[in-house]
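> The structure is given below, and queries will be raised subsequently.
The values are calculated or read from the model by the stated rules, or taken from the named source; none is laboratory data. As the structure is a computational prediction, the values presented were derived from the model and not from experiment. Heads up, the Cβs are rebuilt from the backbone with ideal geometry, glycines too, and the neighbour counts pull from every protein chain shown. These accessible areas exclude ligands, DNA and RNA; they are computed on the full protein's heavy atoms, side chains included. Shrake-Rupley method; radii C 1.70, N 1.55, O 1.52, S 1.80 Å.
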There are 2 protein chains.
Amino acid sequence: MAKPRLRIIPLGGVGEIGKSMTLYEYRGDMVIVDAGAKFPGEDLRGVDLIIPDVRYVKERLSKLRAILLTHGHEDHIGGIPFLLSELRPIAPIPVYGSELAVAYARTKVEELGNPKLADFQVVKPHTRYRLGHNFEAEFIPVTHSIPGSYAIALKTPLGWVVHTGDYKFDPTPPLGPTTDQERLRAIGREGVLVLLSDAVRVERPGHTPSEAVVSETLNRIIGSARGRVILTTFASNITRLDQAIRAAHRHGRKVAISGRSMEQSTRVAMELGYLRPPDGVIVPLEVATALPRKQSMILTTGSQGEATAALARIAVGDHPHIKLAEGDTVIFSATPIPGNEETVSQTIDQLFRQGVRVIYPEIEPTVHVSGHASRDELKLMLRLVRPRFCVPIHGEYRHLALYRELAGELGYPPERVLIPELGSILSFGREDARREGTVDTGPILVDFVTSQQAILRRRDEIATSGVIIATFVIDRETGGLIAGPEVSAQGLNGQISDEVLEKVTDEFRRFLEKRQKGGFSHGYLVSRTKNVLGRQLYRRAKTRPLILPIISEL
Amino acid sequence: MAKPRLRIIPLGGVGEIGKSMTLYEYRGDMVIVDAGAKFPGEDLRGVDLIIPDVRYVKERLSKLRAILLTHGHEDHIGGIPFLLSELRPIAPIPVYGSELAVAYARTKVEELGNPKLADFQVVKPHTRYRLGHNFEAEFIPVTHSIPGSYAIALKTPLGWVVHTGDYKFDPTPPLGPTTDQERLRAIGREGVLVLLSDAVRVERPGHTPSEAVVSETLNRIIGSARGRVILTTFASNITRLDQAIRAAHRHGRKVAISGRSMEQSTRVAMELGYLRPPDGVIVPLEVATALPRKQSMILTTGSQGEATAALARIAVGDHPHIKLAEGDTVIFSATPIPGNEETVSQTIDQLFRQGVRVIYPEIEPTVHVSGHASRDELKLMLRLVRPRFCVPIHGEYRHLALYRELAGELGYPPERVLIPELGSILSFGREDARREGTVDTGPILVDFVTSQQAILRRRDEIATSGVIIATFVIDRETGGLIAGPEVSAQGLNGQISDEVLEKVTDEFRRFLEKRQKGGFSHGYLVSRTKNVLGRQLYRRAKTRPLILPIISEL
């Protein structure tokens, strides 16, 4: 009989940035590390989120022992509620993670899924969690841009496997402990079969600067600001928000938080004590906006130029409560995720047009630092863990390919560095590694038909299940309608009558004609198109097809 | 009677990157500096080029004395053939520029316009050209990424105006002279009313590195390359091509050139002696591909990830003559123009998947340097020219706004730095500057209905003149058709019968269904959609409407 082998299957996050998910399988046991979501690119307007396809897991559901979370970022936990709904387990699935990651994941499941399907477990470092017969998991603290980040060491019958999650070696993290090099080295001595390493920053030489340098920069900028300060970063970048709040307090400013996701993430972080703002610093938005401008700071969503976020509305003067004035400073404490460069750039330009000072990484490089390991840190991890095999994860294909080169510099021959594709089955024995084909993990499209209700659609089913295409052309400058709208139903097999389609198109045309001109954006129109058409179609035909708004700007 | 004033109207290139064009007007005389084109962004698929609207010039055509070219880049000369056709002058318009800029402009006009409408004049430095009663122009050598680059000093009755064009202060330019600081200083002493300065690199501190550093990098990379080298850069970056050819020669490689625009630009540059490759180094493509891999280098288009360029086809293994093999090296000696990040990133990933070595600026910063002035150089220009007023041009709005701050550091109060919008009428007296509203400037959409024939369309006329919208949805991974195509005619007032539209749609569907799967790209589909539909519509209805292919990928 063949010796049992360890199978590692990256279901998301390789050859792409986002929706990280990795499956580990040994005989009768499976564990999943992370269950992320990804935001669709410009060319996929109409879809709200993308998550990995977990058919492979579903077909072997009785083997699934747990979902382990490395940390609480969207691209690692955002798929949890949908994953649980897809798997529909009979008994709750244990979900292990730090207090913060678990709290964020639980909030998501409560909002969008079924909380009864998960059994959340807060983990401690230096503790082993048994997962079925064949796995034990230990959570090892690492530094990243959110507290409660862990690498996960899986003890298997073939030796340790170390899954780094997102990490860097920050010698002075403002919140939480440093990366636990001692423990990583000790596990390395015990024998590591495979290291799965974050590879996304492999293009950068040296070390990523410590998060602490941002603190100095924020202090200087906020200290010298004449008017109000508005700072934007990722809602879940709790470490950064903590630094911004402390800098504001030092300079006599009260802080308000604007934007739903940031209000939520900070509330949870404060409840759990990760975020401990000095007493009285955090005030409601209406209090902050009533203060003299030099005495307030507003933390807001919109660092990626998202059309519906608070900052985009502030930038075009369309926010109901926050207005800019000369002397104000807007700080982008984030870099654009690849694909968002244009929308961020447009937001920055709009802010400059309002006559305010805008600080962003191109002109102030230390207003943001990455949470990921640069080359020397990737090498340090390899030296500590000393794995027999390496698998780079979390990166575009080029990052994975460059990681192989980097490992080569430490003496790893190419055959010991496996570059995975989505769904690759990587199979390991004690001494060897091989590929055993791929599983189907083509993306699942998440379509929010209401803010609380999402429909999951498999891409290859859309051609048969049908789609509504709404097309129109607008004038890029005035926002006026140049041509369209055309609304067509494809593959819906008479679920929607021509008469209904005509009525819906007419109503939609009226909406487009009367909507406010100016202050519009592509993303805003996409989201409104979906809402208006979706509501109409449901009212008139009781159906919720996928709606693809395809808008051209002339 | 009011004293006559100088009017400066930026018709393109401000609040955007591309289609640079500036109008100067004093009493009975007008001159235009540059006539650039711009490539449309992702959201304007179906349009081939964008150029400024010159209605204002056309209405005063009898006053136009000349078009002056700062240098031969697309964003400064690409609009020339269309501009001439739009203006339809009775006598040829004098077009002044360096030998190279004039040669490139002439080639364009011969291909796409009417050569009889231009009277090309090659200029010399230290020479004044009289343009009507009120202007004289002097061309001052500057360094940029193409030889034959000039700043233009216009002598007006109110004093000098200096228009920098694109420039940097490169102390060691590999081709051509250094920026003529002596002459700029001398003109500064004579009294400069306005400086119009390139501002696009105002975010960067210090000096832009010399182009010479690229030479060392290319030498090192090409010298250590094991297989064939493929290098991509802008077709018109003659300086860079010269350096690449020399480095190849030094390491015993022959060089072939692939891609129509690069073949053309290098042929012209060699004829004029700007590019002087050592004898026998340049060989036809079929000779290069027959040589041992270590003895050849191919220079190619596609540095921006353009779907139809040679490199994109090489990257997916779809090029008829150039195939990659392990050990080959592909060098990106260029950075993505804003908006092209995604396509460049995809091309790089595809190349890595082919198993070749890929060198690009993120991992080898000196494989490309900018041709534009950084902050200290922008300041040096201000100190040399010492203008009374400044107008930043060539940049997004944020660059223009930051230039005002930079000038402020040298003591210029905000009211002496005028930030223009497209079409702003900036009016100058000897001692004062003011805004006098704006002129309507566009944009004009250029639609290549065949490779030789372009139709110019004014955006605000499209709603009335009509448009064909072709929509379909494809599977991002397999390239298969998921929904559509829908082809609709809007606003065409019966020019195209329903019957014709149906036939055209059917033919187009057949094309989509039978086209090769895989190796497709968004840009390629857009271009094929235009071709197939355009040909059909012309054959069946003798009409050439604007076709907007709106494609969604799931």
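> Please report, to one decimal in angstroms, the Kirkwood hydrodynamic radius of the protein assembly as shown built from all distinct Cα-Cα pairs.
Over the protein assembly as shown, the inverse of the mean reciprocal pair distance is 31.4 Å.
> Moving on. Counting partner chain Cβ atoms within 10 Å of every residue's Cβ in A:350-359, what's the average?
Average neighbour count from other chains, rounded to a whole number: 3.
> Just the number, please: buried accessible area between B and A, total of both chains, 1.4 angstrom probe, nearest 100 square angstrom.
By this definition, chains B and A bury close to 4400 Å².
> Next up: Treat each spin label as a single point 7 Å out from the Cα along the C-beta direction, and report the A:ARG539 to B:LYS58 distance in nm.
For the pair A:ARG539/B:LYS58, the computed spacing is 4.5 nm.
> How long are the semi-axes of the equivalent ellipsoid of segment A:457-553, taking √(5λ) for every eigenvalue λ of the Cα gyration tensor, in whole Å from largest down?
Ellipsoid half-lengths, sorted descending, are 24, 15, 11 Å.
> Using only Cα atoms, what Kirkwood radius does segment A:16-85 have, in angstroms?
12.6
> Quick one: which bits of segment A:434-464 get at least 20 Å² less accessible when the partner protein chains are in, versus the chain alone, with a 1.4 Å probe?
Buried on complex formation: A:ARG459, A:ILE462, A:ALA463.
> Still on this structure, I have one more. I'd like the distance between the alpha-carbon centres of segment B:107-184 and segment B:261-330, rounded to an integer number of Å.
31
> Using a 7 Å offset from Cα along the direction of the beta-carbon, what are the separations from B:ASP506 to the same position in each other copy, nm, ascending?
For B:ASP506, the inter-copy label distances come out at 3.1 nm.
> Count neighbours as other Cβ atoms within 10 Å of each site's Cβ, and list the GluC sites (Glu not before Pro) in segment B:242-334 that are DSSP loop with at most 16 such neighbours.
Those satisfying the criteria are B:GLU326.
> If you don't mind, another one. How big is the Cα convex hull of segment A:212-367 in projection, averaged over all directions, in nm²?
Mean projected area of the Cα convex hull: 8.2 nm².
> Full-extension gain between A:GLU326 and A:THR308, please, as 0.36 nm times their residue separation minus the C-alpha to C-alpha distance.
4.1 nm
> Something else about it: Can you compute the modelled spin-label distance between A:LYS379 and A:GLU415, with each label point 7 Å from Cα toward Cβ, in nm?
Inter-label distance under the simple model: 2.6 nm.
> Along Cα→Cβ at 7 Å, what distances in nm separate the B:ILE90 label point from those on the other copies, shortest first?
With the label placed 7 Å along Cα→Cβ, B:ILE90 yields 9.5 nm.
> Taking a point 7 Å out from Cα toward Cβ as the label site, list the nm distances between A:GLY191 and the same residue in every other copy, smallest first.
Here A:GLY191 shows inter-copy label distances of 8.9 nm.
> Where in segment A:29-110 are there trypsin sites (Lys or Arg not before Pro) that are in a DSSP coil and have at most 16 other Cβ atoms within 10 angstrom of their Cβ?
Listed in order of number, the matching sites are A:ARG60.
> Run lengths n ≥ 4 of DSSP H only: what is the helix-derived mean residue ellipticity at 222 nm for chain B, with -39500 (n - 2.57) per run over all residues, to the nearest 500?
Estimated from H runs of four or more residues: -9500 deg cm²/dmol.
> Report the normalised scattering of segment B:153-270 as log10 I(q)/I(0) at q = 0.14, 0.16, 0.17 Å⁻¹, calculated by the Debye formula with identical scatterers on the alpha carbons.
These q points yield log10 I(q)/I(0) values of -0.78, -0.91, -0.98.
> For segment B:30-129, what % of the accessible area comes from carbon and sulfur atoms, probe 1.4 Å?
Carbon and sulfur: 49 percent of the exposed surface of segment B:30-129.
> Go ahead and run the numbers for FRET between A:SER451 and A:ALA186, Cβ-Cβ distance against an R0 of 56 Å, rounding to 0.05.
E between A:SER451 and A:ALA186, to the nearest 0.05, is 0.75.
> Let me ask something else about it. Multiplying the sequence separation of A:THR464 and A:VAL283 by 0.36 nm and subtracting their Cα-Cα distance, what value in nm do you get?
Separation in residues times 0.36 nm, less the Cα-Cα distance, equals 60.0 nm.
> May I pose another question? On the accessible surface of segment A:452-537, probed at 1.4 Å, how many percent belong to carbon and sulfur atoms?
Using a 1.4 Å probe with all protein chains present, segment A:452-537 comes out at 43 percent carbon and sulfur.
> Just in segment A:384-451: which GluC sites (Glu not before Pro) are loop by DSSP and have at most 14 other Cβ atoms within 10 Å?
Filter output for segment A:384-451: A:GLU421, A:GLU431.
> Using the heavy atoms of the protein chains alone and a 1.4 angstrom probe, what is the accessible area of the protein assembly as shown per residue in square angstrom?
Counting only protein heavy atoms, the per-residue value for the protein assembly as shown is 38 Å².
> Using only the Cα atoms of chain A, construct the convex hull and provide its projected area averaged over every direction, in square nanometres to one decimal.
The number I arrive at for chain A is 25.9 nm².
> Would you work out which of A:THR301, A:VAL281, A:VAL268 lies farthest towards the positive end of the dipole of segment A:260-312? Charges go on Cβ: Lys and Arg +1, Asp and Glu -1.
Of the listed residues, the answer is A:VAL281.
> So if each residue of separation counts as 0.36 nm, and I subtract the Cα-Cα distance between A:SER497 and A:ASN531, what length gain in nm does that give?
That works out to 10.3 nm of additional length.
> Here's a follow-up. Using the charge dipole of segment A:1-61 (Lys, Arg: +1 at Cβ; Asp, Glu: -1 at Cβ; taken about the Cα centre), state which of A:ALA35, A:GLY13, A:LEU61 has its Cα farthest towards the positive end.
Going by the charge dipole, the pick is A:LEU61.
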